[in-house]
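Q: Sending over a structure as structure tokens; questions will come in a sec.
The values are calculated or read from the model by the stated rules, or taken from the named source; none is laboratory data. Computed from a predicted model, the values in this text were never measured in an experiment. For neighbour counting, all protein chains shown are included, and Cβ atoms are generated from backbone atoms with ideal geometry for every residue, glycine included. Protein only, heavy atoms only, side chains kept; ligands, DNA and RNA dropped before computing areas. Shrake-Rupley method; radii C 1.70, N 1.55, O 1.52, S 1.80 Å.
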Amino acid sequence: MSSSRNDWFPTPIWHFTVDNYQRLNPILLQEIDAEQQRDRKGEKWSNILGWHSVNNLHERDRFSEFTQIIHKNVLEVATFLRWDLQQFSVNITTCWAVVNGKLASNSVHNHPNSILSGVYYLKAPDNCGSIFFSDPRPASQMLIPPVTEFNLWTFPKVSYKPHEGTMLLFPSWLLHGVDMNMSEEARICLSFNIGMSPLK
Ligand SMILES: [Fe+2]
């Protein structure tokens with residue numbers, strides 16, 4: 001008797017460590033703070049109690065180093081996925097900051113009209129809330145046998161504790177949310193969407 005198994009339809013979540021984050025983050029934090037002073041009300045999306053900026057921060061000069069880092073990481077993903085960049089280009093369509101103070105969180109959502117989404121952590125104190133991703137196969141949750149231990153095939157969701165200087169990239173259709181910030185300090189991140197445009 002022999003057997004084999006195929007594991008089809010994997011869902012990738014990439015993480016990158018930004019080399020020069022100790023130098024880059026204060027510049028970005030200063031910009032975000034100024035924007036929060038200017039626009040105290042912010043925008044309402046998935047944020048619960050947190051502040052969400054306007055979504056065009058990538059167009060600002062002081063974010064150019066950050067957007068270059070995004071492009072470099074997206075190209076790595078595109079190469080891995082064998083995207084044919086002779087036929088289309090990838091570009092940042094939106095980029096926004098989220099500041100979650102104590103007790104703030106983000107409800108479960110995904111990012112329509114994008115091919116990749118990402119988040120970069122600027123301030124991530126202990127207990128500030130992990131980002132979690134849900135199993136994208138809702139039917140897999142219809143009847144769940146007990147397990148002695150969860151593994152890659154049975155996790156209903158996965159969580160990532162945020163780390164300053166880390167960037168995550170994931171498919172935009174993947175449902176995710178952020179746990180409540182139980183720290184006294186703010187959790188600050190930049191999020192972004194990547195879209196595709198046909199080459200002329
Ligand atoms: Fe999101």
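Q: Treating only the Cβ of Lys, Arg, Asp and Glu as charged (+1, +1, -1, -1), what charge dipole size does region 66-145 show about its Cα centre? Round to the nearest 20 debye.
A: Details: 5 positive and 4 negative charges, 23 e Å.
The dipole of region 66-145 has a size of about 100 debye.
Q: In region 46-119, if the dipole is taken from +1 on Lys/Arg beta carbons and -1 on Asp/Glu beta carbons about the Cα centre, which of Val108, Val119, Leu85 is farthest to the positive end?
A: So the residue we want is Val108.
Q: Please report the net charge: other residues with Cβ closer than 15 Å to the Cβ of Gln141, K and R +1, D and E -1. Intermediate results must be reported in sequence, preceding the final value.
A: Details: positive: Arg137, Lys157; negative: Asp135.
Around Gln141, the charge tally is +1.
Q: So what's the gap between the Cα centers of region 88-128 and region 166-200, to the nearest angstrom?
A: If we compute the Cα centre of each part, the gap is 3 Å.
Q: Right, next: Compute the Cα gyration tensor for region 113-185, then decide on rounded, prolate or oblate, letting a ≥ b ≥ c be the square roots of its eigenvalues: rounded whenever a/c is under 1.5, prolate when a/b is larger than b/c in the other cases, and oblate in all that remain.
A: Numbers: a/c = 2.55, a/b = 1.47, b/c = 1.73.
Note, shape of region 113-185 comes out oblate.
Q: Do any chymotrypsin sites (Phe, Trp or Tyr not before Pro) in region 1-42 lie in a DSSP loop with no more than 11 other beta carbon atoms within 10 Å, and if so, which? Mind showing how you got there, number by number?
A: Working: sites: Trp8, Trp14, Phe16, Tyr21; in loops: Trp8.
Those that pass, being in a loop and sparsely packed, are Trp8.
Q: Between Lys102 and Ile13, take the C-beta separation as r, use R0 = 35 Å, and let me know the FRET efficiency to the nearest 0.05.
A: On the way: r = 27 Å, r/R0 = 0.77.
Result of the calculation: an efficiency of 0.85.
Q: 7 Å from Cα along Cα→Cβ at both Gln22 and Arg60: what's the point-to-point distance in nm?
A: Calculated label separation equals 2.5 nm.
Q: If you don't mind, there's one more thing I want to ask. Counting other Cβ atoms within 10 Å of each Cβ, which trypsin sites (Lys or Arg not before Pro) in region 1-100 have at most 10 and sit in a DSSP loop? Working shown, then result.
A: On the way: sites: Arg5, Arg23, Arg38, Arg40, Lys41, Lys44, Arg60, Arg62, Lys72, Arg82; in loops: Arg5, Arg40, Lys41, Lys44, Arg60, Arg82.
Filter output for region 1-100: Arg5, Arg40, Lys41, Lys44, Arg82.
Q: Would you kindly derive the ³J(HN,Hα) couplings of region 116-133 from the backbone phi angles with the Karplus curve 6.51 cos²θ - 1.76 cosθ + 1.60 (θ = phi - 60°), listing them in order in whole Hz, with x for Gly and Pro?
A: 9, 10, x, 9, 10, 9, 9, 9, 9, x, 4, 6, 8, x, 8, 8, 10, 10
Q: For a Förster distance of 35 Å, can you work out the FRET efficiency between the beta-carbons of Lys200 and Ser3, rounded to the nearest 0.05?
A: Working: r = 51 Å, r/R0 = 1.45.
The calculated FRET efficiency here is 0.10.
Q: Of all the stretches in the chain, which is the longest one without any exposed loop site, taking GluC sites (Glu not before Pro) in a DSSP loop (any state but H, G, I, E, B) with at most 10 other Cβ atoms within 10 Å? List each step's numbers first, then the result.
A: On the way: sites that count: Glu149, Glu184.
Between exposed loop sites, the widest span is 1-148.
Q: Which percent of the accessible heavy-atom area of region 3-130 goes to carbon and sulfur, probe 1.4 angstrom?
A: Working: 3830 of 7640 Å².
Of the solvent-accessible surface of region 3-130, carbon and sulfur hold 50 percent.
Q: Then there is this: Is the shape of region 1-104 rounded, prolate or oblate, going by the alpha carbon gyration tensor and its root eigenvalues a ≥ b ≥ c, with a/c under 1.5 for rounded and a/b larger than b/c for prolate? Could you put the intermediate results ahead of the total?
A: Values: a/c = 2.35, a/b = 1.71, b/c = 1.38.
Because a/c hits 1.5 or more and a/b exceeds b/c, region 1-104 counts as prolate.
Q: Treat region 128-167 as a sphere of radius equal to its Kirkwood radius over Cα pairs and apply Stokes-Einstein at 37 °C in a medium of 0.692 mPa s; give the translational diffusion coefficient in µm²/s, rounded to a whole number. List each step's numbers first, then the result.
A: On the way: Rh = 12.1 Å.
The calculation lands on 272 µm²/s.
Q: Ok, one more. Are there chymotrypsin sites (Phe, Trp or Tyr not before Pro) in region 107-200 that DSSP puts in a loop and that have at most 12 other Cβ atoms within 10 Å, and which ones? Walk me through the intermediate numbers first.
A: Details: sites: Tyr120, Tyr121, Phe132, Phe133, Phe150, Trp153, Tyr160, Trp173, Phe192; in loops: Phe150, Trp153, Trp173.
Loop-located and lightly packed - Phe150, Trp153.
Q: Could you give me the ³J(HN,Hα) list for region 79-85, computed from phi with Karplus coefficients 6.51, -1.76, 1.60 and θ = phi - 60°, whole Hz, x at Gly and Pro?
A: So the Karplus estimates, Gly and Pro as x, are 5, 4, 7, 6, 5, 8, 7 Hz.
Q: So, one more: At 1.4 Å probe size, with every protein chain present, just tell me what the per residue accessible area of the chain comes to in Å².
A: Working: 12280 Å² over 200 residues.
Spelled out: the 1.4 Å probe surface of the chain, per residue, equals 61 Å².
Q: Please label the shape of region 148-200 as rounded, prolate or oblate, based on the square roots a ≥ b ≥ c of the eigenvalues of the alpha-carbon gyration tensor (a/c under 1.5 means rounded; beyond that, a/b larger than b/c means prolate, else oblate).
A: Details: a/c = 2.77, a/b = 1.23, b/c = 2.26.
Judged from the Cα gyration tensor, region 148-200 comes out oblate (a/c at least 1.5, b/c at or above a/b).
Q: Could you tell me the calculated FRET efficiency between Ile48 and Gln68, based on Cβ-Cβ distance and R0 = 41 angstrom, to the nearest 0.05? All intermediate terms of the calculation are to be shown ahead of the outcome.
A: Numbers: r = 32 Å, r/R0 = 0.78.
That pair, Ile48 with Gln68, gives E of 0.80.
Q: Here is a further query. Return one number: the angle in degrees, 0 to 90 and rounded to the nearest 10, between the long axis of the Cα atoms of helix 21-38 and the longest principal axis of the Cα atoms of the chain.
A: On a 0 to 90 degree scale, this one is about 60.
Q: Points 7 angstrom from Cα along the Cβ direction at Met142 and Thr154: gap in nanometres?
A: 2.0
Q: To continue, here is another question. State the extension gain, in nm to one decimal, for the chain segment bounded by Glu185 and Asp84, taking 0.36 nm per residue of separation less the distance between their alpha-carbons.
A: Gain on stretching Glu185 to Asp84: 32.1 nm.
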